[in-house]
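Q: Structure below; questions to follow.
The values are calculated or read from the model by the stated rules, or taken from the named source; none is laboratory data. Note that the structure is predicted; figures quoted are calculated from it, not measured. Ideal geometry is used to build each Cβ from the backbone, glycine not excepted, and the neighbour counts take in all protein chains shown.
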Amino acid sequence: MPEAQRTSRTRSRMTRRDFLKLGGGLAAGAGFAGAAGWWRQNEHGLRAAVFIARAAHYQADLVSPIIEGLSASGVSRASIRGKRVLLKPNLVETAVGHAQINTHPALVVAAAEAFRRLDAREVFVAEGQGHRRDSELVLEESGMERALDDARLDFIDLNHDAVGSVANLGSWTQHKQLFLPRTLLSADLVVSMPKLKKHHWVGVTCSMKNLFGVMPGIVYGWPKNVLHYAGIENSILDINQTVKPDLAIVDGIVGMEGDGPIMGSAKPVGVIVVGCNLPAVDATCTRIMGLNPYGVHYLSGASGRLGPIHAQHIEQRGASIASVAQRFAILDVPHLAGVRSG
């Protein structure tokens, strides 16, 4: 996108940045060990609802189940009216003919239409992909560029956006502050739109891990090496506790099993998962994949701090987990043994 067009979207009103400056954050720092026991059962009274919609293919009506999921998650027209909504898909790599790698353009366009019908003032798409530096190539070969053009949706390259610094509210890593794109800071609602995938390092990549893509490459490198060096799980927790995303809409129509997030195989599941609490959404997605959410370290770390992951604390709406669950193949490596169990 030309510089003039991109920077013209940056507004002087810094609503989320102001909120982040003022916001607190649940105390972290106890590590992952306690999350599997007392934290897991108590979760400090945190509760959430997660909606599972069936969607057999990308040519189906995807707008209606998204709107239904938003309503089931407590998102009303009044809460969307007049807002600037940032949709953050997962675009990691060029992927001609590989629907399992990136969030499908049809779902992104459907989400934009859903928010437009709910009277959002503006909806746009933003991403800072972690592998290929050439954003235009990724957009073109993923099919996203044409879909966004047809839907009259602007795309913001977060890797090269102007940045502002905010306090790190998570303190899971040694970073005292995080540098975030001004486009993100000025949005009223941030919606994580990941692909349902396995991940060869952390087990599962879904709505929380998807926020790696809001971290600008001009600061954190490709593929966000600074965050990898700080620890992937701890960085995920810091980003989520600081950014405080508002919603997740997960592309589980075709997921990825095996050697994700890029090299794995397509796994048709036929679901869209919607919720306002990202740990609860990701715990639900992990169960849909037939895997153990307590073996995913960043979910254990989020338990009771950022949200609930215990099944008894998540109200499942729409289709049941049991009715859509599929067993995802996972790499047979020692560090993923806990993800496979349970």
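Q: Could you run through segment 58-77 and say how many residues are in a helix (DSSP H, G or I), touching a residue at least 12 places away in the same chain (Cβ under 8 Å) and of a type outside the set (A, V, I, L, M)?
A: 4
Q: Could you please let me know if ALA110 is closer than 19 Å to VAL254 by Cβ, among the hydrophobic types (A, V, I, L, M, F, W, C) and either out of contact with any Gly (no Cβ under 9 Å at 6 or more places or on another chain) or assigned to a loop (DSSP other than H, G, I, E, B) (or both)?
A: Spelling it out, ALA110 is indeed closer than 19 Å to VAL254 by Cβ, among the hydrophobic types (A, V, I, L, M, F, W, C) and either out of contact with any Gly (no Cβ under 9 Å at 6 or more places or on another chain) or assigned to a loop (DSSP other than H, G, I, E, B) (or both).
Q: MET208 is checked against (1) aliphatic (A, V, I, L, M); (2) in contact with a strand residue (DSSP E or B) (Cβ under 8 Å, 6 or more places away or on another chain); (3) free of Cβ contacts under 8 Å to residues at least 12 places away in the same chain and fails just one. What number does that condition carry?
A: Only one criterion is unmet by MET208, namely (3).
Q: Further question: Filtering segment 150-170 down to residues that are under 21 Å from GLU122 (Cβ atoms) and of a type outside the set (A, V, I, L, M, F, W, C), which residue is nearest to the chain's Cα centre (by Cα)?
A: Here the residue is ASP157.
Q: Given the condition surrounded by fewer than 22 Cβ atoms within 10 Å (Cβ to Cβ), within 19 Å of GLY275 (Cα to Cα), among the hydrophobic types (A, V, I, L, M, F, W, C) and touching a residue at least 40 places away in the same chain (Cβ under 8 Å), answer yes or no: does some residue in segment 124-146 qualify?
A: no
Q: Could you run through segment 48-64 and say how many residues are touching a Gly at 6+ places or on another chain (Cβ under 8 Å) and surrounded by 15 or more Cβ atoms within 10 Å (Cβ to Cβ)?
A: So the answer is 8.
Residues checked against (1) in contact (Cβ under 8 Å) with a residue 12 or more places away in the chain; (2) closer than 20 Å to ASP188 by Cβ; (3) crowded, with 20+ Cβ neighbours inside 10 Å:
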| site | (1), (2), (3) |
| --- | --- |
| SER79 | no, yes, no |
| GLY82 | yes, yes, no |
| LEU86 | yes, yes, yes |
| PRO89 | yes, yes, yes |
| ALA99 | yes, no, yes |
| VAL108 | yes, yes, yes |
| ALA112 | yes, yes, yes |
| PHE115 | yes, yes, yes |
| ARG121 | yes, yes, no |
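Q: Looking at this structure, is THR242 outside any strand (DSSP E or B), modelled with pLDDT of 95 or more, surrounded by 24 or more Cβ atoms within 10 Å (Cβ to Cβ) and in contact with a helix residue (DSSP H, G or I) (Cβ under 8 Å, 6 or more places away or on another chain)?
A: Values: outside any strand (DSSP E or B): yes; modelled with pLDDT of 95 or more: yes; surrounded by 24 or more Cβ atoms within 10 Å (Cβ to Cβ): no; in contact with a helix residue (DSSP H, G or I) (Cβ under 8 Å, 6 or more places away or on another chain): yes.
No; evaluated as a whole, the condition is false for this residue.
Q: Could you look through segment 303-312, keep only residues that are in contact (Cβ under 8 Å) with a residue 60 or more places away in the chain and either of a type in the set (Ser, Thr, Tyr) or surrounded by fewer than 21 Cβ atoms within 10 Å (Cβ to Cβ) (or both), and pick out the one that is nearest to ALA283 (Cα to Cα)?
A: Result: HIS310.
Q: Do you know which residues across segment 181-198 are touching an Asp or Glu at 6+ places or on another chain (Cβ under 9 Å), of a type outside the set (A, V, I, L, M, F, W, C), surrounded by fewer than 24 Cβ atoms within 10 Å (Cβ to Cβ) and not in a helix (DSSP H, G or I)?
A: ASP188
Q: Which of the following residues is touching a residue at least 60 places away in the same chain (Cβ under 8 Å), surrounded by fewer than 19 Cβ atoms within 10 Å (Cβ to Cβ), not in a strand (DSSP E or B) and not β-branched (Val, Ile, Thr): TRP172, TRP201? Explain how you work it out, then say what you get.
A: Numbers: TRP172 fails: surrounded by fewer than 19 Cβ atoms within 10 Å (Cβ to Cβ).
Checking each option against the conditions leaves just TRP201.
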